[in-house]
Every structure is written in C-alpha cells, then in structure tokens.
Amino acid sequence: MSAIAAGLDAPAADRAPVLSPMLQRLAAERATGALMRDHGTLYLADGQVVHAESPATPGIDVLLTAGGTLRHEGWWDAVAQAGAHRRVGRYLVDSGHVPGGALELCHLGALYDAAFFALAPTGTPARFRYGVAHWIGPVRPVPVAAVERETLRRREFLDRIWPDAACDGAPLLRTAAYGSDAPAPARQSRILELADGFRTASDIARELGRSAFHVLVDLRRLAAAGLVEAVRAQPLPAASTPGRITLPEVTADPDIALLRRLRDALEAL
C-alpha cells in the first residue's frame, strides 16, 4: 500500500449524499492516517475520526483557553512535555490542567467544527497519508458515519435559517438597520461589532474563541434579519477598448482643477 493515496471526493449523483467516498473507504478498511482536503484535515485511527483541523475554525487550544478551562501556560506546558509523544490530551488530564470530561467535550466540539468545513464540497482530489497521527493523541474517537451525519445536519440547519451562504466565507459588514430596532442578544451584538467589512466568519470565531459553526448560525440569523451582509467582490471596470485601460481624468493644472471643483459645488446647490 502506498504512503499517499489520492482520489476525487465528489458525491455520487445516483444515491444518497455521500460527503467523501474516500473517507468511507478508509473507514471500511480501518485505516490510520490523515485525510487532507481543501478546507481541512481529518485524522483517523482504525477507521474512526480521532481529530480534525481546519483553517476556518479555532483550534482546540483556542477553545480551551478562551473559555477559561485552561490557562495558556498550561497548554504550552502540555505541548512541550507531550507533543513529541502525541499525548497532549492525556497529559492535560493527568497533570490536572483539564478535567477529563471537559477535555472530551471541547475536543468533540473542535472535531465536529473542523470536520464541517473539511468536508465542504470540492473538486480538488483529496490525499491520504497512512500512519500519520496528530499530536493531541487519543481523546475520544468518533465513527465516520457520525461525523458525516452531523455535517449534513449542520448544512441543512444553516439553510433552514437562511439559504444564502454568501456570509459564510466573505468579509462581513453590519447594515444600516443595526440599532434601529430592538437590540440584538448580547452574543450576536458582539458579532455585529466585529462585522467591520474586513473580518470573515472565521476571523470573528477566532477573535471570540467560539465554534466557527455556532458563529455561522448567528450570522445566518443576522443576515435573515437584515442586520449583516456579505461584502461581495467588486468586478474590475471594463476597458473602453480591447487591450486598453481607461484611466480616471486627472490634470496637473491647478486653475482647471479649481474651476471643476467650483462647477461641482454650484451643481450641488
């Protein structure tokens, strides 16, 4: 068996939705390793998902420390002491930094959060590296079927709230309607404060130390209420003639520039 397997993850059209045929094959063969996709990585051990990461979501370290469950020093102590042995999770519990139940809950939240983004539709071939293990180590494995089922449930839930996914990945901006009616709940108000036209949902989730999916839920509700909107990319201006770019009219003559400003001021009266 080769060290890296590759295949195109695309749902089959003639049967129930399949998020990743490759993932299902790996589960059936009880594979161990890392499934790398466009938007994240799923780590498997004996065919079960033991961890997931995505650049779209805060990592388990952020979720643990932002919520006050773990101090930053405790996290870095665990990484330094147990990272090389891939037993960070076990060390956090054994050293008394985090109760076992709290670690499991936080780990499952991070796993499902990252898997939701990692299993997003893509036309890019996925890769699987056999034998790769994550440094967090064993916490609580989850069957592939459960991960796929929860991912589909979350997609359907978001679409029921608001069927436009534009705000999921684009920069977000609060609209003029914000503050004109009844105030938003405190949790959503903080999200609105961060919707400055530059931050995306993932940026906001990291800033707040919250699950990216839960931030998406609030953003879809805010979008449905008309309080936030996606900043859509502006198309480049069309050239007036093929191969030629039209530049804005400028002049270095201060007298002409002054006359134009006067003309504009008079027209505005």
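What segment 19-158 shows is 45 Å² of accessible area per residue, with the surface traced by a 1.4 Å probe over protein heavy atoms.
Quick one: accessible area per residue over segment 161-228, 1.4 Å probe, rounded to a whole number of Å²? Before the final figure, lay out each step's value.
Values: 3150 Å² over 68 residues.
It amounts to 46 Å² per residue over segment 161-228.
Legend: residues TRP76, TRP135, sorted from most to least accessible area (1.4 Å probe; ligands, DNA and RNA excluded), read TRP76, TRP135. Applying the Karplus relation 6.51 cos²θ - 1.76 cosθ + 1.60 with θ = phi - 60° to segment 19-28 yields 3J(HN,Hα) values of 5, 7, x, 5, 5, 5, 5, 5, 5, 5 Hz, where x marks Gly and Pro.
Keeping the other protein chains in place, figure out the carbon and sulfur percent of the accessible area of segment 19-158, with a 1.4 Å probe. The nonpolar share, carbon plus sulfur, comes to 53 percent.
For HIS72, tell me the accessible area in Å² from a 1.4 Å probe, rounded to the nearest 10. Approximately 110 Å² of HIS72 is accessible to the 1.4 Å probe. Temperature 4 °C, viscosity 1.567 mPa s: under these conditions the Stokes-Einstein estimate for segment 43-170, based on its Kirkwood radius over C-alpha pairs, is 82 µm² per second.
The values are calculated or read from the model by the stated rules, or taken from the named source; none is laboratory data. Note that the structure is predicted; figures quoted are calculated from it, not measured. Ligands, DNA and RNA are excluded from the accessible area calculation, which covers all protein heavy atoms including side chains. Shrake-Rupley method; radii C 1.70, N 1.55, O 1.52, S 1.80 Å.
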